[in-house]
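Participant: Below is a structure I'd like to ask you about.
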Amino acid sequence: MRKAAIAVIAAALPMGIMAQGAFDAYTLSQSDLRGTARFMSMAGAFGALGGDLSTLNQNPAGIGVYRSSEVGVTLDIDIERSNVGGQTDSKTHAYCPNVGYVGAINLDSDVMPYFQWGVSYGRIASFDRVYHGGYGSLGTSLSNYVANRAYGTSPDVLGQSTSYNPYDQSGADWLSILGFNSYIINSVGGLSQYNGLYKEGQTTGNAMFDVRQSGHVDEYSINFGGNIMNTVYWGLGFGITDIDLKEESFYDEKLADARIARSEGMGSSIVDGNAYYGLSNYRRVSGTGFNFKVGAIVKPINEFRFGIAVHTPTYYNLTESYDASINYSYGSPSTIPDGTAYSNFAYYDWKLRTPWKLIASMAGVVGGRFIISADYEFAAYDNMRISDYDGNEYKDATAEIKDYFKPTHTIRLGAEYRLTPQWSIRAGFSQSTSAVETAVKDGDIEVYTTGCNPAYTFDTTTRYLTCGLGYRYKGFYADVAYVNKYRKSSYSPFSAYDDLAYSGSADSWVYNPATEFTTSNNNIVLSVGYKF
């Protein structure tokens, strides 16, 4: 007999919720354009320039350019706005994205004139985003996707009784268990085959979704560097990262002429009626990681320099907590009372290896007043890996990562012109390719998710436009920047899938109702510091 609600704390990772999936690794591996105002106003194209506190997080060889010590701090006001088909959400955040110190030691040597060391705090990424939208006319239903996901699992396994809890004991898919106990899927004749609520050619309805994310990735860096005959600059960096992501999501459907159960119990007949249900998910991921960076800048002549840097993956130890629920209501002739079904509460540890990166850069200095620079960054998203707490790799997740993701390519361009010895103006541009494979974008491949949240979001376009102003007086400096980040993204409440009820039919492939939306971040950034 089914129960309307259950909330049991799981002491260990249940098999049904498994570990993390490919899209979880993707979300947690993101990075932003963050740093000092000078760095951001030139779109981060500093790989061959150095001499800025942000280079400790980018090309550690940039510390070798310093000939004096420096201390600085940055403040950032971020105004975020999302637009989903005309439905907008906005939020304003304030950050301290960079604090740093560099010490330069004069060695009085012709071969290695200076040795430098530095420490910094930097915000690498912000997860803050809110967006909501809806579908005025559905051509399918999340319940049908769940029915397909439950295919082959016995109703006796998915059902609950007072002495048996499938979340803890069955090893079955958690979303299937939750869907079965909220009646959004129902067994066909008591077999291991299920109907969703949507019947093609008959059922009509609409849906709404709401996603709220918050959190950050912070990095604490320590770097060492130097230069060889004022021609080759080198640097080594070690970073400790702190990550924290909170996500609340909600998806509901209102359906007319749906296939609903007439009554409670596993043997209920199916009748036509109205249905409403809402799926709520909450999760929090937090932990720490570490990485290494190595870089070099070569200045063959004063007017030209080029740089290269390699970032190892960040190796994370993460802890995740998670739960979900479905509230439901069915109209006549169903006699099922309104209610809510709850998943267990999951709490477990796992490991993540993010992409490694390569940055190649070049810059020119004209007349001592004009600087133009360019960076190219390669990030190997197909090289991400997920493992359990003991380091055992999840092979299925590795296969999904290779199917869903590809390397990204980022171009950053920056320019600075010194108007007077005290004042400078700056501008920049950056754009990144998408990490997601075309088959995922087009809905031609099924995307597997873990837990009870079948939704996934990815970026298709990421672009920055930047500008800024700088002031210098003796050792003091103040910089201000304006940064616009534009993202075009895609949200899918559930994946496309091959409907097993029609296996072998030309019409078996069901496409997901993906929705494109945009997010714009407008940042006002102020940095102040002193060189001595």
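The values are calculated or read from the model by the stated rules, or taken from the named source; none is laboratory data. From a predicted model like this one, the values you see are computed outputs, not experimental measurements. All Cβ positions, glycine included, derive from the backbone under ideal geometry; neighbour counts span all protein chains shown. Remember, those area values only see protein heavy atoms, side chains included, never the ligands or the DNA or RNA. Shrake-Rupley method; radii C 1.70, N 1.55, O 1.52, S 1.80 Å.
Participant: Being surrounded by fewer than 17 Cβ atoms within 10 Å (Cβ to Cβ) and not polar (S, T, N, Q) is the filter; apply it to the range 440-462 and report the residue that is farthest from the chain's Cα centre (by Cα).
Facilitator: Ranking the qualifying residues of the range 440-462, first place goes to ASP444.
Participant: Restricting to the range 341-394, give me the number of residues that are buried (at least 20 other Cβ atoms within 10 Å of the Cβ), touching a residue at least 60 places away in the same chain (Cβ under 8 Å) and acidic (Asp, Glu).
Facilitator: Here the count works out to 1.
Participant: Restricting attention to the range 201-226, which residues are within 22 Å of ASN274 (Cα to Cα) and either in contact with an Asp or Glu (Cβ under 7 Å, 6 or more places away or on another chain) or without any contact (Cβ under 8 Å) to a residue 40 or more places away in the chain (or both)?
Facilitator: GLY201, GLN202, THR203, THR204, GLY205, ALA207, MET208
Participant: Looking at the structure I just gave you, is ASN181 of a type in the set (S, T, N, Q), open to solvent by less than 10 Å² (accessible area, probe 1.4 Å), out of contact with any Asp or Glu (no Cβ under 6 Å at 6 or more places or on another chain) and over 25 Å from SER343 (Cα atoms)?
Facilitator: Here the answer is no, as ASN181 does not meet what is asked.
Participant: List, please: which pairs have Cβ atoms under 8 Å, are six or more places apart or on different chains, and start with a residue in the range 490-511 that is under 11 Å from ARG149 (Cα atoms) and in a loop (DSSP other than H, G, I, E, B) and end with one that is open to solvent by 50 Å² or more (accessible area, probe 1.4 Å) and at pLDDT 70 or above?
Facilitator: Listed pairs, sorted by first residue: SER495/TYR448; ASP499/TRP509.
Participant: If I ask for residues that are modelled with pLDDT of 90 or more and assigned to a loop (DSSP other than H, G, I, E, B), which ones from the range 154-192 would you list?
Facilitator: SER182, TYR183, ILE184, ILE185
Participant: Looking at the range 463-493, which of its residues are more than 15 Å from THR27 (Cβ to Cβ), crowded, with 18+ Cβ neighbours inside 10 Å and among the polar types (S, T, N, Q)?
Facilitator: The one that is more than 15 Å from THR27 (Cβ to Cβ), crowded, with 18+ Cβ neighbours inside 10 Å and among the polar types (S, T, N, Q): THR466.
Participant: Still on this structure, please answer the following. Of these, ILE372, ILE326, which one is in contact with a Gly (Cβ under 6 Å, 6 or more places away or on another chain), at pLDDT 95 or above and either of a type in the set (A, V, I, L, M) or not in a strand (DSSP E or B) (or both)?
Facilitator: Unique residue meeting the criteria: ILE372.
Participant: All but one of (1) at pLDDT 95 or above; (2) outside any helix (DSSP H, G or I); (3) touching a Gly at 6+ places or on another chain (Cβ under 6 Å) hold for THR74; which doesn't?
Facilitator: So THR74 meets the others, but not (3).
Participant: Being touching a helix residue (DSSP H, G or I) at 6+ places or on another chain (Cβ under 8 Å) and open to solvent by 10 Å² or more (accessible area, probe 1.4 Å) is the filter here; which residues of the range 281-294 pass it?
Facilitator: LYS293, VAL294
Participant: Now a separate question. For residues that are among the β-branched types (Val, Ile, Thr) and under 19 Å from VAL294 (Cβ atoms), scanning just the range 32-71, find the one that is nearest to the chain's Cα centre (by Cα).
Facilitator: Per the stated criteria, the residue is THR55.
Participant: When the residues of the range 415-439 are narrowed to those that are touching a Lys or Arg at 6+ places or on another chain (Cβ under 6 Å) and open to solvent by 50 Å² or more (accessible area, probe 1.4 Å), which ends up nearest to TYR381 (Cα to Cα)?
Facilitator: Here the residue is GLU437.
Participant: Moving to a separate point now. Quick check: anything in the range 236-244 surrounded by fewer than 20 Cβ atoms within 10 Å (Cβ to Cβ) and in contact (Cβ under 8 Å) with a residue 60 or more places away in the chain?
Facilitator: Yes.
Participant: Which residue, of VAL440, VAL483, VAL447, is in contact (Cβ under 8 Å) with a residue 24 or more places away in the chain, within 30 Å of VAL285 (Cβ to Cβ) and touching a Leu at 6+ places or on another chain (Cβ under 7 Å)?
Facilitator: The match here is VAL483.
Residues are listed down the side, and each one gets a yes or a no for (1) farther than 26 Å from TYR486 by Cβ; (2) outside any loop (DSSP other than H, G, I, E, B); (3) touching a helix residue (DSSP H, G or I) at 6+ places or on another chain (Cβ under 8 Å); (4) among the polar types (S, T, N, Q):
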| site | (1), (2), (3), (4) |
| --- | --- |
| SER334 | yes, no, no, yes |
| PRO337 | yes, no, no, no |
| THR340 | yes, yes, no, yes |
| GLY368 | yes, no, no, no |
| ASP390 | yes, no, no, no |
| SER424 | no, yes, no, yes |
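Participant: Filter the range 123-142 for residues that are among the small types (Gly, Ala, Ser), over 18 Å from the mean Cα position of the chain (by Cα) and open to solvent by less than 30 Å² (accessible area, probe 1.4 Å); which is farthest from VAL99 (Cα to Cα)?
Facilitator: Among residues in the range 123-142 that are among the small types (Gly, Ala, Ser), over 18 Å from the mean Cα position of the chain (by Cα) and open to solvent by less than 30 Å² (accessible area, probe 1.4 Å), the one farthest from VAL99 (Cα to Cα) is SER141.
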